[in-house]
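As C-alpha cells, the structure follows; a few thoughts come after it.
Read the figures in this text as sums done on the coordinates, not as results from a lab. Everything numeric in this text was worked out from a predicted model, so none of it was measured. Using ideal geometry, Cβ is built from the backbone for each residue, glycine included, and neighbour counts are taken over all protein chains shown.
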Amino acid sequence: MPVYPRLPLLVLAGGHSRRMGRDKATLEWEGTPLLLRVLGRLAPIAAQVWVAARAGQALPLGPYRRIDDERPGEGPLAGLSSGLAAIGAEVAEPAPVAVAACDYPYAEPELFPALLAASPGASAIVPLLDGRAHPLLAVWRSDLAPVCERALARGARRVREVLEEVGAAEVDARALLGDAAERVFQNVNDPAALKRALGTRD
C-alpha cells in the first residue's frame with residue numbers, strides 16, 4: 001500500500017440530502033454507511049479526522065471527531081466554516097486540510113498529495129473535471145474559516161464565492177489521476193446517481 005503524507009481530514013456530512021430523499025451519511029453502500037465508506041477510503045492520508053454535521057443529526061459511530069454546524073441549514077459553506085475553525089484551533093500554524101463531502105464513494109487518498117504538489121502554497125486547491133470544479137473534494141487551508149464565516153455573514157451560500165475571494169488554484173483532475181478521475185469524482189446526489197455509482201463499484 002502506498003504511504004501518503006498525513007493531513008487533517010474534514011468530511012462534510014451535514015447536508016439535508018433533499019434530492020436523495022434520505023440522509024446520505026447513513027445511506028448503506030454494500031452494508032456500510034456511506035460516511036464510513038468515505039472515511040475508510042481516505043484513512044491512509046488522515047492524521048486526524050473531523051466530521052461536520054447538523055445539530056441532532058444521527059451519524060454512525062466511527063473514528064472521528066464530530067463538529068456541529070454553527071449555522072445549520074446554510075449549506076456546505078457552514079460545514080467548512082465550523083470544521084476548518086475546529087481544525088485551525090488545534091494546529092500550530094495554518095495547515096492544508098483534505099476536505100471531502102460524504103457523497104464521494106470513490107474518493108482516493110492519492111488525490112490530496114497530488115493537489116498539494118501541483119500547487120504548493122495555495123490557500124485552496126480545487127480539482128477540475130471536464131471544466132467542472134469539485135471544491136468539496138479538495139484541499140483547503142485551515143485559516144480559511146474566517147473567510148467562510150464572513151461570506152456566510154453577508155449572505156453568501158456558494159462555496160465558489162470564497163474560492164474566488166482567496167484566489168484558489170484549479171488543477172486538471174485528469175492530469176493528476178488519469179483515467180481514474182471520472183470514477184473518483186462520481187458523487188451521489190440523488191437515487192439515479194447512486195444507481196450509476198453502484199454500477200461501477202469496486
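Details
- If the chain linking Ala180 and Glu74 were pulled fully straight, counting 0.36 nm for each residue of separation and taking away their Cα-Cα distance, it would gain 35.0 nm.
- Each Lys and Arg Cβ is given +1 and each Asp and Glu Cβ -1; about its Cα centre, the chain then shows a dipole of about 500 debye.
- Residues whose amide H comes within less than 5 Å of that of Glu170, counting only those at least five positions distant or on another chain, are Val126 (H built at 1.01 Å from N in the peptide plane).
- Cβ-based net charge around Leu129, under 14 Å, with every Lys or Arg adding one and every Asp or Glu removing one: -3
- Summarising the amide proton neighbourhood of Asp68: residues at separation of 5 or more, or on other chains, whose placed amide H is nearer than 5 Å comprise Ala53.
- Each residue of the stretch 105-122 was assigned a 3J(HN,Hα) from its phi angle through the Karplus curve 6.51 cos²θ - 1.76 cosθ + 1.60 (θ = phi - 60°); the sequence is x, 10, 3, 10, x, 5, 4, 6, x, 5, 5, 5, 5, 6, 8, x, x, 5 Hz, with glycine and proline shown as x.
- Rounded to whole numbers, the Karplus 3J(HN,Hα) couplings from phi for the stretch 60-68 are x, 5, x, x, 8, 9, 9, 10, 7 Hz, using 6.51 cos²θ - 1.76 cosθ + 1.60 with θ = phi - 60°, and x at Gly and Pro.
- Amide H to amide H distances under 5 Å link Asn187 with no residue, where only residues 5 or more positions off or on other chains count and H is placed in the peptide plane.
- Label-point separation, Leu128 to Glu90 (7 Å along Cα→Cβ), nm: 3.4 nm
- Relative intensity of the chain on a log10 scale, I(q)/I(0) at q = 0.08, 0.14, 0.16, 0.17 Å⁻¹, equals -0.23, -0.76, -1.03, -1.18, per a Debye sum over C-alpha point scatterers of equal strength in the absence of solvent.
- Counting only DSSP beta bridges with both residues in the chain, the antiparallel share comes to about 40 percent.
- Helix-only CD estimate at 222 nm, as mean residue ellipticity for the chain, using -39500 (n - 2.57) per DSSP H run (n ≥ 4): -8500 deg cm²/dmol
- From phi via Karplus (6.51, -1.76, 1.60), per-residue ³J(HN,Hα) for the stretch 129-135 in Hz, x at Gly/Pro: 10, 6, x, 9, 7, 10, x
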